[in-house]
1. Being among the small types (Gly, Ala, Ser) and within 16 Å of ligand 1 (Cβ to nearest atom) is the filter; apply it to segment 136-173 and report the residue that is nearest to Gly99 (Cα to Cα).
2. Scan segment 262-291 residue by residue and report those that are at pLDDT 95 or above, assigned to a loop (DSSP other than H, G, I, E, B) and charged (D, E, K, R).
3. Across segment 193-226, what is the total count of residues that are in a loop (DSSP other than H, G, I, E, B), surrounded by fewer than 17 Cβ atoms within 10 Å (Cβ to Cβ) and aliphatic (A, V, I, L, M)?
4. Taking the criterion of being within 16 Å of ligand 2 (Cβ to nearest atom) and either in contact (Cβ under 8 Å) with a residue 60 or more places away in the chain or part of a loop (DSSP other than H, G, I, E, B) (or both), would at least one residue in segment 61-72 satisfy it?
5. Could you list, in sequence order, the residues of segment 244-265 that are buried (at least 18 other Cβ atoms within 10 Å of the Cβ), more than 12 Å from the chain's Cα centre (by Cα) and of a type outside the set (A, V, I, L, M, F, W, C)?
6. Considering Lys128, Lys96, Lys142, which residue is away from ligand 2 (no atom under 16 Å from the Cβ), touching a residue at least 24 places away in the same chain (Cβ under 8 Å) and over 22 Å from the mean Cα position of the chain (by Cα)?
Amino acid sequence: MEAHEKGFFSEENSVEVVTGRNANAENPRLRQVMDVITRKLHEAVKELEPTQEEWFEAIMFLTRTGQICNEWRQEYILFSDILGVSMLVDAINNRKPSGASESTVLGPFHVDGAPMMEMGANICLDQKGEDMYIEGRILDTKGKPIEGAVIDVWQANDEGFYDVQQKGLQPDFNLRGMFTTGADGRYWFRAVKPKFYPIPNDGPVGQLLRALGRHPYRPAHLHYIIKADGFETLTTHIFDPDDPYINSDAVFGVKESLLAKFDKTNDPARAQTYGFEGEFWDVKHDFVLAEKR
Ligand code: BEZ
Ligand code: FE
């Protein structure tokens with residue numbers, strides 16, 4: 001019988017001793033998960049050879065991460081976000097056929113029950129910010145318009161805050177709305193240009209970002225969830241390609257295909273039609289939904 005089969009621990013056989021102890025796990029997926037994590041973690045510890053003090057620092061980081069969590073603050077998700085793990089899980093679970101729009105992270109600021117609006121409505125309820133007109137089409141992978149697609153959109157305001165972060169300051173459901181496409185698959189609505197904003201950075205994840213010489217900002221974006229019968233639901237964003245943080249999103253959510261067209265437009269006739277006073281931002285982006293598998 002080899003040493004690890006007796007259950008005696010050594011630096012050399014650490015993985016076999018620990019994973020061998022899980023042999024009676026009822027759930028084979030749990031056993032696989034713990035085997036892989038144990039193997040990779042022991043490999044990291046063997047490569048890094050942490051001091052006792054360094055290991056305790058790591059434990060205290062995780063302790064503080066748990067302690068700051070509450071109903072509204074989920075520091076572990078932020079940790080997963082800044083490690084790129086949220087985007088990796090999203091990519092693995094949303095592999096798309098060629099031509100379909102790519103997904104990105106949902107983020108913590110989605111709210112159920114946003115008002116269903118007439119196409120063309122202004123989702124900015126407090127008239128604060130630079131006017132913006134957004135339009136595009138919802139298509140299938142053959143380029144055919146999708147009728148009855150439901151678009152749920154939400155965005156930060158011109159100072160980089162969502163309504164739920166400024167309760168009492170912004171009206172409830174400010175910069176949120178839902179729209180249903182007609183037979184032409186087109187969507188269009190009015191809003192204000194969103195601004196880049198920091199992910200919550202007053203906790204352990206913020207401390208880690210600073211220690212790594214990283215900033216906490218996400219480039220300006222609009223969030224979309226698009227649902228249609230017979231198609232995979234698409235959770236994604238569109239981004240302002242000229243944003244100062246477009247190449248360094250703190251949570252790695254940017255993909256090249258999600259850069260929209262943001263043009264500053266001076267067209268008095270169109271501005272009048274939309275009820276805008278002067279120049280406005282003209283944003284265009286089509287989305288392609290994948291047929292349900
Ligand atoms: C967001 O875009 O709303 C977001 C995504 C990940 C972390 C924090 C915010
Ligand atoms: Fe966001």
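The values are calculated or read from the model by the stated rules, or taken from the named source; none is laboratory data. Model, not experiment: these values are computed from the prediction. Neighbour counts are summed over all protein chains in view; Cβ atoms, including those assigned to glycine, are modelled from backbone coordinates with ideal geometry.
1. The residue in question is Ala156.
2. Of everything in segment 262-291, those that are at pLDDT 95 or above, assigned to a loop (DSSP other than H, G, I, E, B) and charged (D, E, K, R) turn out to be Asp267, Glu279, Asp286.
3. Total satisfying the criteria: 1.
4. There is at least one residue in segment 61-72 that is within 16 Å of ligand 2 (Cβ to nearest atom) and either in contact (Cβ under 8 Å) with a residue 60 or more places away in the chain or part of a loop (DSSP other than H, G, I, E, B) (or both).
5. Of everything in segment 244-265, just one residue is buried (at least 18 other Cβ atoms within 10 Å of the Cβ), more than 12 Å from the chain's Cα centre (by Cα) and of a type outside the set (A, V, I, L, M, F, W, C), namely Tyr245.
6. Exactly one residue qualifies, and that residue is Lys128.
Yes/no matrix, rows are residues, columns are (1) of a type outside the set (A, V, I, L, M, F, W, C); (2) surrounded by fewer than 16 Cβ atoms within 10 Å (Cβ to Cβ):
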{"position": "Arg95", "(1), (2)": "yes, yes"}
{"position": "Ala114", "(1), (2)": "no, no"}
{"position": "Met119", "(1), (2)": "no, yes"}
{"position": "Gly148", "(1), (2)": "yes, yes"}
{"position": "Lys167", "(1), (2)": "yes, yes"}
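One line per residue, one yes/no per condition, for (1) over 20 Å from His221 (Cβ atoms); (2) of a type outside the set (Phe, Trp, Tyr); (3) part of a loop (DSSP other than H, G, I, E, B); (4) not assigned by TED's automatic domain parsing to the domain that holds Trp281:
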site	(1), (2), (3), (4)
Glu118	yes, yes, yes, no
Gly129	no, yes, yes, no
Tyr133	no, no, no, no
Tyr187	no, no, no, no
Ala191	no, yes, no, no
